[in-house]
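The values are calculated or read from the model by the stated rules, or taken from the named source; none is laboratory data. All values derive from a computational prediction rather than experimental measurement. We place every Cβ from the backbone using ideal geometry, glycine too, and count neighbours over all the protein chains shown.
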């Protein structure tokens, strides 16, 4: 009995010791842990990058930690930081990194950048670099400088004899084009405002656009309006200005007045990206990240066009960056991987997968990104948009504000809520969130 | 005499030691995984804590903020309504199936397996399965409802339920999902029914009692303690088992927060928005709600026992 008890005690002690050991030991020999999320095609792109790095640098190891989505990544990052075992690196959009930057979770990189013989900040698009500066410090390094664009099914345009979108096309052009391309199963133009019970429903919808702030913002800016009262220290949404109201009204009308975007039931049944992929959506407003998925299309030709214009061409920045955690155990090894991923070679590898518009200026202008043999043929659209893109606020509560506004805008587009009510609800409900937020 | 008295005493001491030894793993688990986290949650609920920086004292601010938070109020209401509707339905369904399937008959074994099977499916897989079943256009449920109808309508000329886009249908969908996972309750009630004495039923048959009389005066009173226990357990669990369906199938929507239950609210507030102190306060409210539900049911059971002199 005593022997057994002693054995159990010894085993417990051993487990406790080894348990502690794994939590506080040396980092030597441990792989660099990189936390990312994305669609399977995007994750494959990161695996390609990591594989290339490990082959190029003998002895370097990078472990990819794959979160299922953005929210899962945020939860994993927060809990791992709280638990004292954060990943060395994580990849995050500038819209969501504010809450971590405000809490000093992210390691400033200025000293490492200054000492680097590989990275020169001047090689990168300033708008993307600037989005990841917090209180004057460069916290993360942007891997891409994407923006919103209109993907379109060229084959459908040709079939129905509709002119393809060109640079400088207007919002009215988009509505006209989408109306001409919303067709029933006989190929006839149809107004898809009646979702259920109609004799015929659209087999092809003219356009797909998510009812979110990030989709609405460039339209408001293009019309001369603003999304928030102060981009650096926002305190409220300003969709009550005439310019913003018009842009929002027009977005809602795509569903409520023209019926050219799928209904909420249709979106739930098949999301816009799948709908485009299956040839049932003529145009889709989305960022560059959809490209990897769309390159699997074999049944039709597709391309990309710039956003339609109100008064001036304005885009919205979509940028993700590599960030190092303050609590990283392998900071030097993590930095070496960052240098590789951000360097020409790493940027070429990711660009070749179609996932990103490289933030490295030279790489973005190379065949790695503008490869004429790979769709979209008109990738130049993304580069032309770079001088016009603006960033959304990086206030620490922005994820909450986006989630809140998504629900309200979704009801506006699909349920047809009154515009005044929508704007008022967005304003009153988001004010406390802005008040709670921290700005860099 | 003394040697005769010391032997049972030794046996008692030994059995007590064995009892303590056997209970120790459970107690360690209970303390380490339930009581300590509950106390930590209690502590955090009076702090402003974001998981990333040290907590700061907030007093009752979190609770004051919760009382003014419209999303929390919706989540609280959704959870209470879910418990009030789903728990009686789940227990009634399990009882009905147990009474139907307690006899030996052809096909009963298969039917019992079918009733239990959904409980064995992992929660995420179960959620994904329902995501397909609820698909408004291509899902089998709405396809079936459209049989005999025209232009996407049912045979009665009505729009089939918009499970994922209409708030009421979505709430009904979550309750529907929960009904099929009453397998454990069903098994316990099946065992309880099979354990009831046969002679009572034989006497009832001799006295020409109707089926309803037998159910009301024999089966229900005899099974009442088990039913009460299961109802309490289900009420407590109902605050938890809304999480995966709301997280996987409806994502708390359709807007505005139609299927955001307390469990999802706590998860989103704590882990997505990093308001851990605030989430802890909401968790505490959830615990108090559980205690209140148990207390109310306990009082009802006591009244029932007094009435039947059980």
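Residue A:175 - would you say it is more than 14 Å from chain B (Cβ to nearest Cβ), under 29 Å from residue B:131 (Cβ atoms) and either over 23 Å from the mean Cα position of the chain (by Cα) or touching a residue at least 60 places away in the same chain (Cβ under 8 Å) (or both)?
Judged against the criteria, residue A:175 is not a match.
Against the definition (in contact with a strand residue (DSSP E or B) (Cβ under 8 Å, 6 or more places away or on another chain) and away from every other protein chain (no Cβ under 14 Å)), how does residue A:357 come out, yes or no?
Considered against the rule, which asks whether it is in contact with a strand residue (DSSP E or B) (Cβ under 8 Å, 6 or more places away or on another chain) and away from every other protein chain (no Cβ under 14 Å), residue A:357 comes out as yes.
If you check residue A:253 against the conditions, is it in a loop (DSSP other than H, G, I, E, B), away from chain B (no Cβ under 14 Å) and out of contact with any helix residue (DSSP H, G or I) (no Cβ under 7 Å at 6 or more places or on another chain)?
When the stated conditions are applied, residue A:253 does not pass them.
Does residue B:163 qualify as being part of a helix (DSSP H, G or I), within 12 Å of chain A (Cβ to nearest Cβ) and either modelled with pLDDT under 95 or surrounded by fewer than 18 Cβ atoms within 10 Å (Cβ to Cβ) (or both)?
no
Which is within 14 Å of chain A (Cβ to nearest Cβ) and in contact (Cβ under 8 Å) with a residue 24 or more places away in the chain, of B:225, B:256, B:221?
B:256
What's the number of the condition residue B:208 fails, among (1) away from every other protein chain (no Cβ under 14 Å); (2) in a helix (DSSP H, G or I)?
If we test residue B:208 against (1) away from every other protein chain (no Cβ under 14 Å); (2) in a helix (DSSP H, G or I), just (2) comes out false.
Please verify whether the range B:104-124 includes one or more residues that are on the phi < 0 side of the Ramachandran plot, within 14 Å of chain A (Cβ to nearest Cβ) and assigned to a helix (DSSP H, G or I).
Yes: the range B:104-124 contains one or more residues that are on the phi < 0 side of the Ramachandran plot, within 14 Å of chain A (Cβ to nearest Cβ) and assigned to a helix (DSSP H, G or I).
Since residue A:362 meets every condition but one in (1) more than 30 Å from residue A:298 (Cβ to Cβ); (2) buried (at least 16 other Cβ atoms within 10 Å of the Cβ); (3) assigned by TED's automatic domain parsing to the domain that holds residue A:113, which condition does it not meet?
For residue A:362, the exception is condition (2).
Could you check the range A:75-102 and list, in sequence order, the residues that are more than 15 Å from residue A:36 (Cβ to Cβ) and free of Cβ contacts under 8 Å to residues at least 60 places away in the same chain?
Of everything in the range A:75-102, those that are more than 15 Å from residue A:36 (Cβ to Cβ) and free of Cβ contacts under 8 Å to residues at least 60 places away in the same chain turn out to be A:78, A:79, A:82, A:83.
So, of the residues in the range A:384-423 that are more than 30 Å from residue A:124 (Cα to Cα) and not in a helix (DSSP H, G or I), which turns out to be nearest to the other protein chains (Cβ to nearest Cβ)?
A:417
Looking at (1) within 14 Å of chain A (Cβ to nearest Cβ); (2) outside any helix (DSSP H, G or I); (3) under 27 Å from residue B:116 (Cα atoms), which is the one condition that is false for residue B:173?
All conditions pass for residue B:173, except number (2).
Taking into account only those residues within the range B:38-57 that are within 14 Å of chain A (Cβ to nearest Cβ) and exposed (fewer than 12 other Cβ atoms within 10 Å of the Cβ), which is farthest from residue A:105 (Cα to Cα)?
Only one residue fits best here, namely B:40.
Out of the range B:130-154, which residues are closer than 27 Å to residue B:246 by Cβ and more than 9 Å from chain A (Cβ to nearest Cβ)?
B:130, B:131, B:132, B:133, B:140, B:141, B:142, B:143, B:144, B:145, B:146, B:154
When you scan the range A:103-110, do you find a residue that is within 22 Å of the chain's Cα centre (by Cα) and crowded, with 22+ Cβ neighbours inside 10 Å, even just one?
Yes.
From the set of residues in the range A:257-271 that are in contact with a helix residue (DSSP H, G or I) (Cβ under 7 Å, 6 or more places away or on another chain), part of a loop (DSSP other than H, G, I, E, B) and closer than 22 Å to residue A:418 by Cβ, which is farthest from the other protein chains (Cβ to nearest Cβ)? Before you say what the answer is, go through the steps one by one.
Taking the range A:257-271 as the starting set, the residues that turn out to be in contact with a helix residue (DSSP H, G or I) (Cβ under 7 Å, 6 or more places away or on another chain) are A:258, A:260-264.
Those still in the list that are part of a loop (DSSP other than H, G, I, E, B) too: A:258, A:260-263.
Add one more test, that the residue is closer than 22 Å to residue A:418 by Cβ, and what stays is A:258, A:260-261, A:263.
Details: A:258: 20, A:260: 18, A:261: 14, A:263: 8 Å.
Filtering the range A:257-271 for residues that are in contact with a helix residue (DSSP H, G or I) (Cβ under 7 Å, 6 or more places away or on another chain), part of a loop (DSSP other than H, G, I, E, B) and closer than 22 Å to residue A:418 by Cβ, the one farthest from the other protein chains (Cβ to nearest Cβ) comes out as A:258.
Which condition number does residue A:200 fail, the rest of (1) crowded, with 23+ Cβ neighbours inside 10 Å; (2) in a loop (DSSP other than H, G, I, E, B) being met?
In the conditions (1) crowded, with 23+ Cβ neighbours inside 10 Å; (2) in a loop (DSSP other than H, G, I, E, B), residue A:200 misses (1) alone.
Any residue in the range B:1-25 that's modelled with pLDDT of 90 or more: show its pairings with residues that are surrounded by 10 or more Cβ atoms within 10 Å (Cβ to Cβ) at Cβ separation under 8 Å, as long as the two are six or more apart or on different chains.
none
In the range A:99-125, which residues are within 14 Å of chain B (Cβ to nearest Cβ) and either in a loop (DSSP other than H, G, I, E, B) or farther than 25 Å from residue A:71 by Cα (or both)? Lay out the reasoning, then the answer.
Keep residues of the range A:99-125 that are within 14 Å of chain B (Cβ to nearest Cβ), which gives A:99-107.
Result: A:103, A:104, A:105, A:107.
For the range A:28-62, which residues satisfy the criterion of being surrounded by 15 or more Cβ atoms within 10 Å (Cβ to Cβ) and farther than 22 Å from residue A:352 by Cβ?
Scanning the range A:28-62 gives A:31, A:32, A:33, A:35, A:61.
Would you call residue B:73 surrounded by 12 or more Cβ atoms within 10 Å (Cβ to Cβ) and assigned to a helix (DSSP H, G or I)?
Yes; evaluated as a whole, the condition is true for this residue.
Determine which member of the set B:79, B:92 is more than 14 Å from chain A (Cβ to nearest Cβ) and crowded, with 19+ Cβ neighbours inside 10 Å. Steps first, please.
Numbers: B:92 fails: crowded, with 19+ Cβ neighbours inside 10 Å.
After ruling out the rest, the residue left standing is B:79.
I'd like to check something: does the range A:360-373 contain any residue that is touching a helix residue (DSSP H, G or I) at 6+ places or on another chain (Cβ under 8 Å) and within 13 Å of another protein chain (Cβ to nearest Cβ)?
No: the range A:360-373 contains no residue that is touching a helix residue (DSSP H, G or I) at 6+ places or on another chain (Cβ under 8 Å) and within 13 Å of another protein chain (Cβ to nearest Cβ).
Which of the residues belonging to the range A:408-435 are in contact with a strand residue (DSSP E or B) (Cβ under 6 Å, 6 or more places away or on another chain) and closer than 14 Å to residue A:245 by Cβ?
Passing the criteria: A:426, A:427.
Of everything in the range A:360-383, what is assigned to a loop (DSSP other than H, G, I, E, B) and within 21 Å of residue A:342 (Cα to Cα)? Give them in sequence order.
Of everything in the range A:360-383, those that are assigned to a loop (DSSP other than H, G, I, E, B) and within 21 Å of residue A:342 (Cα to Cα) turn out to be A:365, A:366, A:371, A:379.
Looking at the range B:269-293, which of its residues are in a helix (DSSP H, G or I) and either closer than 22 Å to residue A:102 by Cβ or within 14 Å of chain A (Cβ to nearest Cβ) (or both)?
Selection gives B:269, B:270, B:271, B:272, B:276, B:277, B:278, B:279, B:280, B:281.
Restricting attention to the range A:178-197, and to residues there that are within 15 Å of residue A:260 (Cβ to Cβ) and within 14 Å of chain B (Cβ to nearest Cβ), which single residue is surrounded by the most Cβ atoms within 10 Å (Cβ to Cβ)?
Filtering the range A:178-197 for residues that are within 15 Å of residue A:260 (Cβ to Cβ) and within 14 Å of chain B (Cβ to nearest Cβ), the one surrounded by the most Cβ atoms within 10 Å (Cβ to Cβ) comes out as A:192.
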